[in-house]
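Note sheet for the following structure.
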C-alpha cells in the first residue's frame, strides 16, 4: 500500500512541486491550501491526489483536513508543513502589527496545529508512527534585511521542530526541517532576487536561484527514508548565493 502524505501550501511554489514529486514517487497525497482551483491544478487529474481546501490557521479546518485524509486512506505517513507568508519589508519599529500577527499565524501557529493533528493521527494508527517535515528557511539561520517577522517565525519553527521530534520518539514519529535558499518561486521573485535583492550593506544584488523541482527532490528524499533513519536538518541553497558569510 502506498504511503500517505499531507502537503500544506500545495497550490503553488515549493508546495506544488513537492506534492507533484511525491505523487511521482508513488505517494498518495492530500493537497491542502486556501485556493481550491490552484490545488486542482497541482493535482492535474491524478487519482492519488486528494484536494482539500483548508485554512491551516483555523483549528477546526485543520482537524477536518486530517479527518478527510484518514477517511479516504486510513492513515497519514508524512506531513510536509510548507504553507508560509513573507510580510512586506520593514524594520521592527516600522512593522505593521497585522502583518506580524499574520506571519505568526501562517508561519508558526499553522505548523503547530497541523503537527498536532498529524501526531494525534500517527499515534492512533497501526502501524504507529510517521514523519513530519517542516519548511524552515535559511532565514532560520541568517536574516535578510528588514524581515523581523519572517525571521522570528522561522527561528521559532526550528525550536518547534526539535521539540516535536523529541516528544515523538516513543511513538515512532520523527520531525525534521528543510531550509531552502532561493528556490525559484513567486515568493523569491517578490523579494527581488531577479531584479536585485536588498543586502545588509544597503546595496541590491541579483542573486542566483535554482529549480523548485530540485528543492522538491530534497523533500522527497526526507519523506522516503525508512523509519530507522531521519534527516533532522537539511539546508539546500542556490550555488553561490549570499548565505555563508551573509552581510
Scanning segment 228-242 residue by residue, those assigned to a loop (DSSP other than H, G, I, E, B), in contact with a strand residue (DSSP E or B) (Cβ under 8 Å, 6 or more places away or on another chain) and surrounded by fewer than 18 Cβ atoms within 10 Å (Cβ to Cβ) turn out to be 230, 231, 232, 239
Restrict the check to segment 48-59 and report whether at least one residue is within 19 Å of residue 215 (Cβ to Cβ) and either surrounded by 17 or more Cβ atoms within 10 Å (Cβ to Cβ) or out of contact with any helix residue (DSSP H, G or I) (no Cβ under 8 Å at 6 or more places or on another chain) (or both). no
**OP:** Might you check whether a residue that is assigned to a loop (DSSP other than H, G, I, E, B), in contact (Cβ under 8 Å) with a residue 60 or more places away in the chain and either on the phi < 0 side of the Ramachandran plot or surrounded by 16 or more Cβ atoms within 10 Å (Cβ to Cβ) (or both) occurs anywhere in segment 96-113?
**Re:** no
Check your understanding: Being touching a strand residue (DSSP E or B) at 6+ places or on another chain (Cβ under 6 Å), under 18 Å from residue 104 (Cα atoms) and part of a loop (DSSP other than H, G, I, E, B), is that true of even one residue in segment 122-136?
Key -> yes
Picked from segment 123-135 (must be within 19 Å of the chain's Cα centre (by Cα) and free of Cβ contacts under 8 Å to residues at least 60 places away in the same chain), the residue nearest to residue 182 (Cα to Cα) is 134
Selection over segment 160-184 where residues are in contact with a helix residue (DSSP H, G or I) (Cβ under 9 Å, 6 or more places away or on another chain) and closer than 13 Å to residue 129 by Cα yields a count of 8
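Of the residues that sit in segment 202-212 and are surrounded by 14 or more Cβ atoms within 10 Å (Cβ to Cβ) and in contact with a helix residue (DSSP H, G or I) (Cβ under 9 Å, 6 or more places away or on another chain), which one is modelled with the highest pLDDT? Talk me through it step by step, then tell me what you get.
Within segment 202-212, the first condition is being surrounded by 14 or more Cβ atoms within 10 Å (Cβ to Cβ), and the residues that meet it are 205, 207-210, 212.
Okay, now just the ones that are also in contact with a helix residue (DSSP H, G or I) (Cβ under 9 Å, 6 or more places away or on another chain), so 207, 209, 212.
Working: 207: 89, 209: 92, 212: 96.
Here the answer is 212.
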Test result for residue 217, under 15 Å from the mean Cα position of the chain (by Cα), modelled with pLDDT of 95 or more and within 25 Å of residue 111 (Cα to Cα): yes
The lone condition residue 88 fails out of (1) touching a helix residue (DSSP H, G or I) at 6+ places or on another chain (Cβ under 8 Å); (2) part of a helix (DSSP H, G or I) is (2)
The residue that is farthest from residue 142 (Cα to Cα), considering only those in segment 168-213 that are touching a residue at least 24 places away in the same chain (Cβ under 8 Å) and part of a helix (DSSP H, G or I), is 171
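The values are calculated or read from the model by the stated rules, or taken from the named source; none is laboratory data. What you see is a predicted model; the values in this text were computed from it and never measured. Glycine gets a Cβ as well: all are built from the backbone with ideal geometry, and neighbour counts include every protein chain shown.
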